[in-house]
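Everything below concerns the one structure shown next.
The values are calculated or read from the model by the stated rules, or taken from the named source; none is laboratory data. Because the structure is predicted, anything quoted here is derived from the model rather than measured. Neighbour counts are summed over all protein chains in view; Cβ atoms, including those assigned to glycine, are modelled from backbone coordinates with ideal geometry. Surface accessibility is based on the protein's heavy atoms, side chains included, excluding ligands, DNA and RNA. Shrake-Rupley method; radii C 1.70, N 1.55, O 1.52, S 1.80 Å.
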Amino acid sequence: MSEGALSARISDAPGDPIFGIVELHRADARPHKINLAAGVYMDEQGVTPILPSVRTAEERLLASTTSKLYMPISGDPAYLAAAKSLLFRTVGGAWGEIEPAATDCVQMIHTPGGTGAVRLAVDVVSRLRPGAEIWVGEPTWPNHTQIIESSRITARRHDWITDDARSLNTSALFDAIAAAKGGDAMILHGACHNPTGIDPTPEQWGEIAKQIAHRGILPILDFAYQGFGDGLIEDAASLRAFLATGSEALVASSSSKNFALYNERVGSLAIIGADAAAASSIASHARMAVRTMWSNPPAHGGAIVSTILGDATLRAQWEGEVSAMRTRITESRTTFAAALTAAGAGDFSYLLDHHGMFSLLGLTDDQLKRLRDEHAVYLVARGRINMAGLSAAKIPIVAKAVASVLA
Ligand code: LMR
């Protein structure tokens, strides 16, 4: 091998902390294997269905789409308008009524999924705030630190949860806000924290937003699970708290989960400026970044979302589908916590306080390996479990497996 070969001085990169486990599950030939690794919704049969509202929208699109022409760099205007209405809808307002502060001071960019939006947000920081560091509360979605480090930015870590992994570590969070330099950025999960399920209350969001604005830190809200916590509007309390400060913020949102459009790769970055001119200027730099990364986004997912949200009947149907997914996830949490206790694993009632798809069971790497090897049950680091992958049939099996590795 020549000295200059790409592979000359390297060993293999590690597997992805989430999709790497999904691959192990895929390669497992045991028919009873259970995948609770990736954050995807599954029904009682273990299927991740296409939502009926999405099916209807796709039928309409098949009949009406006439071209596959490139979109603008910032994406499909219809999708962007729909995504903005969903993010910034006023509490108690009709569809289309958005928070007044968002009317002029928000610019939207259509991205390939929520990951594309987070990547774009971090790229904007590296372009416009050279030298800034980005703070993350650990544990966090492992791709946050991977994205920050891929952008050659230093990731600064603080604790998100208390030592018993059961509640929010507010003092660590406020200490980090006090320690950050003005101009640094901080990634926060808008709702349904991944991997802990531990979210601030709306009152805590108000205080967090105030302190962050006061210190001149740029908040990057990763808002991938809107609708899976308390409701589509309720879950945006974090976003409204940051909007109310009148300071800049970036909001990465995803249609992967609430529209179940995982493989269509559709999401958006909302750029909140201190005023309309600032938002528009930041967006011009974001478009430069987009042009060098994906040029312009894939169209189909965004067209599905704007078709659904643009039709009152389809939108109401979709809201019902989101609320059915949320109810099922919450019911699985309750049944699973009880099943763990019944299986002798101890008291897991803290799981009922958490929001969204995930919680940590607090398992070690050895225990996770035993779960895979002895029970064919696949979870992510620290025992992150995807509650949306459980079913009535799987719950007792997984609970017994967890109890046996904890014994
Ligand atoms: C997850 O956390 O499992 C999902 O957000 C999928 C992903 O991209 O990691």
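Some points to look at:
- Remark: pairs (first residue in the range 346-366, assigned by TED's automatic domain parsing to the domain that holds residue 382; second residue open to solvent by 60 Å² or more (accessible area, probe 1.4 Å) and within 15 Å of the ligand (Cβ to nearest atom); Cβ separation under 6 Å; 6+ apart in sequence or on different chains) = 360/382.
- Residue in the range 102-123 that is in contact with a helix residue (DSSP H, G or I) (Cβ under 9 Å, 6 or more places away or on another chain), open to solvent by 60 Å² or more (accessible area, probe 1.4 Å), more than 16 Å from the ligand (Cβ to nearest atom) and in a loop (DSSP other than H, G, I, E, B) present: no
- Meets criteria (surrounded by fewer than 16 Cβ atoms within 10 Å (Cβ to Cβ), in a loop (DSSP other than H, G, I, E, B) and modelled with pLDDT of 95 or more) for residue 281: no
- When 120, 62 are checked against the criterion of being within 19 Å of residue 265 (Cα to Cα) and under 18 Å from the mean Cα position of the chain (by Cα), a single residue qualifies: 120.
- Filtered residues of the range 242-259 (kept if hydrophobic (A, V, I, L, M, F, W, C) and open to solvent by less than 20 Å² (accessible area, probe 1.4 Å)): 242, 243, 249, 250, 251, 252, 259
- Scanning the range 348-407 for residues that are assigned to a helix (DSSP H, G or I) and among the β-branched types (Val, Ile, Thr) gives 395, 397, 398, 402, 405.
- Residue 275 passes every criterion in (1) open to solvent by 10 Å² or more (accessible area, probe 1.4 Å); (2) in contact with a strand residue (DSSP E or B) (Cβ under 8 Å, 6 or more places away or on another chain) apart from (2).
- Residue within the range 329-337 that is under 30 Å from residue 394 (Cα atoms), among the aromatic types (Phe, Trp, Tyr) and in contact with a helix residue (DSSP H, G or I) (Cβ under 8 Å, 6 or more places away or on another chain) present: yes
- Cβ-Cβ under 8 Å pairs, at least 6 apart or on other chains, the range 213-227 side over 16 Å from residue 240 (Cβ atoms) and within 12 Å of the ligand (Cβ to nearest atom), far side open to solvent by 20 Å² or more (accessible area, probe 1.4 Å) and basic (Lys, Arg): 224/257; 225/257
- Under the condition of being at pLDDT 85 or above, open to solvent by 70 Å² or more (accessible area, probe 1.4 Å) and either acidic (Asp, Glu) or within 13 Å of the ligand (Cβ to nearest atom) (or both), the residues counted in the range 1-30 number 3.
- Residue identified as at positive phi and within 16 Å of the ligand (Cβ to nearest atom) among 197, 183: 197
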